[in-house]
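Following: one structure in C-alpha cells, then a few remarks.
The values are calculated or read from the model by the stated rules, or taken from the named source; none is laboratory data. Just so it is clear, the structure is predicted and the values come from calculations on it, not from any experiment. For neighbour counting, all protein chains shown are included, and Cβ atoms are generated from backbone atoms with ideal geometry for every residue, glycine included.
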Amino acid sequence: MEAAAVATSTATNRSRVLDIAAPRLREDRPLRIAMLAPPWIAVPPSGYGGVESVVDALTEALIRRGHAVTLFCAPGSRSSAKVVTLLEVPHPDEIERSLYEADHVARAFELVDGAGGRDRFDLVHDHCGFTALAMADRLRTPLVHTLHGPFTAETGAFYARHGHKAALVGISRAQLEGAPAGLRPLAVIPNPLAAEDWPLQTKKDDYLLWVGRMTADKGPHRAIEAARLAGRPLVLAGVVQPGQRDFFEREVAPHVDGKAVRFVGEVTGARKRSLFSRASALLMPIRWEEPFGMVMIEALASGTPVIAFAEGAVPEVIVSGKTGFIVDDEAGMADAVARLADISPADCRAWVVDHCDVDTVAVAYESAYRSVTLEPAVAAVRYV
C-alpha cells in the first residue's frame, strides 16, 4: 500500500491491485480543489470523527503543497483552507440522515458549478457518503470519491449502479476485494496521518491498550480475555455510542475494576497521544472486514506494536514479526505479548512514515487528481 506509488505492496501483503502513471497537467500547476467533508462533525473533530480527521490532515498537506483548497464542511470547522459551511448547525447525532446530507451536497454543488473564470474548480474530492456520488453526473466538475466504508449487500448494489459517475479511491485492497463486479476504482490510497504529531516513545509502560467503539465486532471483550491470559493490565478507551450501552454493560463493565481493566472513555489530543505512546501494545481483536483501521497507524506512529486478528486491512498494515503480530485468537494474542521485546518501536514508526504519512498520501492524491482532470485520451491509468 505504498502511497507514493498510489498502490504498491510489501512482500508480505496482498498482491498489488492497480497502479497509476499520472502525467503532468500544465506543468503541474496548482489545482483548485473543492474538498467536500460530511455535514455531521466539524473539521478537525474535537473527539470522534475518523473521516473528518482524514479530511483535515489531507487538506492541510495539499495547501502546504501549494494547492488552493476550499473546504465545504460542518459549522465550527477550522482550516488553512477557505472554509465554507453550508448548513446552520452540525448534526453529530444524525449521521447518515439523508435530509442533511442531501441539503449539504446540493448547496456545495451549486457553489462549485457556479464558480467561473479563475475561481473555477478543477475537481471535487468527496468524503461525504452517497449523495454526491449518486448525483456526480449532474456536476460539470470532475469528482473523486473516497470509499471510507466497507462494501455490504446494500452499498455494493449502490456502487454497482452509481460507481461509474466518479473516480473512486479505495483505502485498502481488502476493502476493494468486496467491491461489486465491474467496479474499477482509480487507486488504492491509505488514510493519512501526520506522523510528526505523534511522539515516538521507546520505553513502554506495562499496560495493553484497546481503542474503539463498544461493539462486538471491535472486540473489547476479547481484548479483556487476551490481557487476562497474558497477565497484563488493560486500558480500554472509546465512546459508548447510542445502541451500544447494553453490550457495554453486559460484556465490558463487569470486568472494569480500575486495576486489571481500566475504562477511560473517549480520549483526544495530548492525552490520546500519551496513551498510545506509552502502551506496550495495541490489541485489535476485530471480527469484521474493517476497511482500514486508523488506530493501527496511530499506534505504530507512536512506536507501539499492534497485535491483531487477520481481518480486513490488518495484513496490509501489520508486518507480522516487525511491526506487531497477526494472530488467530485471544490465546494467540497472549502468546504474542510475551514476544513484544522482539519489536522495535523505530521500525513501527518507520512503516507509517514510509506508507501513510500525510505528505506521502497527498502526493498520491495529486496523481489521482491530475489523472481525472486530464482528457481521457491523455490520462494513463494502468490496471495490474
Residue check, Ala74 against (1) over 25 Å from Thr360 (Cβ atoms); (2) surrounded by fewer than 16 Cβ atoms within 10 Å (Cβ to Cβ), all met but one. Which one?
(2)
Filtered residue count, segment 287-323, keeping only those that are of a type in the set (Ser, Thr, Tyr) and either in contact with a Lys or Arg (Cβ under 8 Å, 6 or more places away or on another chain) or closer than 19 Å to Val51 by Cα (or both):
2
Return the pair list, or none, for Cβ contacts closer than 7 Å from residues in segment 272-300 that are within 19 Å of Thr202 (Cβ to Cβ) to residues that are of a type in the set (Asp, Glu), at least 6 apart or on different chains.
Phe276/Glu298; Arg278/Asp205; Ala279/Asp205; Ser280/Asp205; Ser280/Asp206
Anything in segment 107-133 that is under 14 Å from Ala74 (Cα atoms) and of a type in the set (A, V, I, L, M, F, W, C)? List them, or say none.
Ala108, Cys128
All but one of (1) under 29 Å from the mean Cα position of the chain (by Cα); (2) surrounded by fewer than 20 Cβ atoms within 10 Å (Cβ to Cβ) hold for Val261; state the number of the condition that does not hold.
(2)
Tally of residues being farther than 17 Å from Thr85 by Cα and either under 25 Å from the mean Cα position of the chain (by Cα) or small (Gly, Ala, Ser) (or both) across segment 108-120
2
When Ile189 is evaluated against the numbered criteria (1) within 23 Å of Phe109 (Cα to Cα); (2) in contact (Cβ under 8 Å) with a residue 60 or more places away in the chain; (3) of a type outside the set (S, T, N, Q), which criterion, by number, is the only one it fails?
(1)
Evaluate segment 340-348: report whether one residue or more is at pLDDT 95 or above, closer than 26 Å to Val169 by Cα and of a type outside the set (A, V, I, L, M).
yes
Among the residues of segment 114-122, are any among the acidic types (Asp, Glu) and buried (at least 17 other Cβ atoms within 10 Å of the Cβ)?
yes
Only one of (1) closer than 17 Å to Val361 by Cβ; (2) touching a Ser or Thr at 6+ places or on another chain (Cβ under 9 Å); (3) of a type in the set (S, T, N, Q) does not apply to Ser53, and that is (2)
Test Lys218 against the stated conditions and say whether it is under 18 Å from the mean Cα position of the chain (by Cα) and either in contact (Cβ under 8 Å) with a residue 24 or more places away in the chain or surrounded by fewer than 20 Cβ atoms within 10 Å (Cβ to Cβ) (or both).
yes
